[in-house]
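Beneath this line is the structure, given in structure tokens, with notes to follow.
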Amino acid sequence: MQVAELIEKDLILIGATAIEDKLQEGVPDCIETLSRAGIKIWVLTGDKMETAINIAYACNLLNNEMKQFIISSETDAIREVEERGDQVEIARFIKEEVKKQLKKCLDEAQQYFHSVSGPKLALIIDGKCLMYALDPSLRIMLLNLSLNCSSVVCCRVSPLQKAQVTSLVKKGARKITLSIGDGANDVSMIQAAHIGVGISGLEGMQAVMASDFAIAQFRFLKDLLLVHGRWSYIRLCKVVTYFFYKNLTFTLTQFWFTFYTGFSGQRFYDDWFQSLYNVIFTALPVIIVGLFDKDVSSSLSKRYPELYKEGIKNMFFKWRVVAIWAFFAVYQSLVFYYFVTVSSSTSQGSSGKMFGLWDVSTMAFTCVVVTVNLRLLMICNSITRWHYISVGGSIVAWFLFIFLYSGIMTPYDRQENIFWVIYVLMSTFYFYITLLLVPVAALLGDFLYLGVQRWFFPYDYQIVQEIHKDEADDSGRTDLLGIDNQLTPDEARSYALSQLPRELSKHTGFAFDSPGYESFFASQLGVYAPQKAWDVARRASMRSKPKPKPNKIN
């Protein structure tokens with residue numbers, strides 16, 4: 001600074017250049033949508049406070065209606081202490097100032113928080129103050145204040161401080177954290193969060209290499225979270241709870257049998273039935289649900305970002321949901337065991353012999369396989385041909401197996417209990433009546449519960465389904481991108497450019513949008529893409545280079 005004061009004196013300014021750090025396309029809309037989804041967004045940047053605030057305003061993270069708490073080291077009192085040069089005194093003074101500011105802001109935030117019509121709150125803090133606010137004696141106050149604010153902006157922070165703030169929320173508040181960055185200075189923050197997302201841009205690939213997911217632009221975070229993330233959460237909840245249900249139903253059926261055997265260890269099902277139940281007879285349908293099930297389309301997921309709050313509240317994987325599945329598993333196991341055992345006590349085969357243990361267990365197992373596979377279709381929001389193929393194929397696989405297993409006997413068989421059992425059962429009228437009535441009786445409770453729940457206590461996604469039940473599903477590219485007739489000029493231009501061949505478009509999709517000739521190429525291909533100012537200016541400034549004249553040979 002002293003050298004600059006000596007040199008930069010009595011200079012004449014001839015001209016100045018400015019570089020605009022342009023936001024990516026769609027960032028403000030993406031941040032606003034994520035905020036509506038109940039996601040709290042923190043900005044951790046190395047820019048100075050004025051730049052960070054302007055960026056926060058540009059991406060709708062801050063607005064004039066918010067009450068802003070600014071904790072800055074650029075105050076007259078701190079400057080006066082720093083001029084003395086005593087590092088111990090500077091550290092003590094700044095820490096006390098930060099403590100006072102935190103306490104003052106926290107008390108004021110509590111008043112706004114308890115008021116009904118209070119404004120939204122925002123916290124802005126610079127790196128020097130953040131260094132002291134992260135002290136063990138102050139970090140609780142910082143965390144409480146931050147959690148009461150809708151937006152948090154930390155400016156002039158180092159890569160280590162980014163990781164410390166992320167860890168503070170992750171461990172102190174026990175919240176699920178996601179970090180997104182595009183440069184090497186974001187690597188520690190990405191690794192400190194539960195989920196790391198890297199943007200592949202002009203800043204290099206370090207963030208992408210250290211992340212869990214990589215995207216080309218920030219706006220794609222909306223699709224990653226609100227569409228694919230929410231679908232994955234719902235699918236995972238269904239897969240886990242269904243596995244719990246079908247195994248509990250199958251196991252309890254054998255458990256009721258032990259009361260009539262004096263807990264002697266006599267098995268109710270054949271060993272091969274138990275071994276192949278999860279491997280073949282009920283495996284494929286739940287995999288199909290985990291891959292293809294979706295409650296609402298991608299365009300509706302982005303149109304109603306509030307649906308994401310169901311996942312934040314853990315609506316589909318709480319103890320109440322597990323208890324309901326367990327209740328119906330107990331109910332169905334009772335139906336399988338007692339309905340089959342009581343009804344078969346007086347039944348006879350075509351030869352006049354009474355049904356034995358293996359006849360009854362095979363009949364009960366057949367009902368279990370049919371019922372649990374049909375129950376899976378009742379929890380699906382979208383049923384495709386793959387659902388029908390998997391469910392029907394699992395049931396058919398059971399019948400093919402039992403036909404072969406009970407119809408073939410070799411000298412190496414361990415026992416002859418199952419031999420010809422299915423053929424004896426299928427020769428009786430009792431088999432077909434039981435196969436029809438038992439699944440109906442077992443699924444009747446589930447059917448009534450699902451009907452009452454959807455009619456009187458619907459989830460948010462079920463309300464959206466009812467609103468748009470007459471609309472066609474978005475199977476085309478246009479609907480997947482959420483394109484409709486109400487596009488802004490920027491959105492229309494973006495969609496038009498996305499239709500251009502990749503090798504002709506200069507639009508890279510990286511972190512910074514570079515000027516190019518998109519409008520020119522679009523006009524050549526008959527696609528309407530409104531021009532931007534830089535297209536016209538750059539084409540006007542470009543001079544066509546004269547072609548070199550060929551040398552004449554004398």
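Here GLY229 does not fit the description of being out of contact with any His (no Cβ under 9 Å at 6 or more places or on another chain), of a type in the set (Gly, Ala, Ser) and surrounded by fewer than 17 Cβ atoms within 10 Å (Cβ to Cβ). Annotation: of all residues in the range 200-226 being modelled with pLDDT of 90 or more and part of a strand (DSSP E or B), the one that is least open to solvent (accessible area, probe 1.4 Å) is ILE215.
Quick check, is GLY15 modelled with pLDDT of 85 or more and among the small types (Gly, Ala, Ser)? Criteria not met by GLY15.
Within the range 301-320, how many residues turn out to be open to solvent by 20 Å² or more (accessible area, probe 1.4 Å) and part of a helix (DSSP H, G or I)? Before you say what the answer is, go through the steps one by one.
Just the residues of the range 301-320 that are open to solvent by 20 Å² or more (accessible area, probe 1.4 Å), to begin with: 302-304, 306, 308-309, 311-320.
Cutting the leftovers down to part of a helix (DSSP H, G or I) gives us 302-303, 306, 308-309, 311-312, 319-320.
Result for the range 301-320: 9.
Those residues that are among the basic types (Lys, Arg) and buried (at least 23 other Cβ atoms within 10 Å of the Cβ), I need them from the range 129-172; list them, please.
Let us first name the residues in the range 129-172 that are among the basic types (Lys, Arg), namely 139, 156, 162, 170-171.
LYS162, the sole residue that qualifies.
Only one entry of GLU8, GLU89, GLU80, GLU50 meets the criterion of being without any contact (Cβ under 8 Å) to a residue 12 or more places away in the chain, of a type outside the set (A, V, I, L, M) and not assigned by the TED database to the domain that holds ILE124, and that entry is GLU8.
Residues considered: THR428, THR371. Of these, the only one that is touching a helix residue (DSSP H, G or I) at 6+ places or on another chain (Cβ under 6 Å) and open to solvent by less than 50 Å² (accessible area, probe 1.4 Å) is THR371. One residue stands out among those in the range 250-300 that are in a loop (DSSP other than H, G, I, E, B), hydrophobic (A, V, I, L, M, F, W, C) and open to solvent by less than 80 Å² (accessible area, probe 1.4 Å): the one that is farthest from VAL330 (Cα to Cα), which is VAL296.
The values are calculated or read from the model by the stated rules, or taken from the named source; none is laboratory data. Because the structure is a prediction, the values reported are computed rather than measured. Glycine also receives a Cβ, built like all others from the backbone with ideal geometry; neighbour counts cover every protein chain displayed. SASA here: full protein model, heavy atoms, side chains in, ligands and nucleic acids out. Shrake-Rupley method; radii C 1.70, N 1.55, O 1.52, S 1.80 Å.
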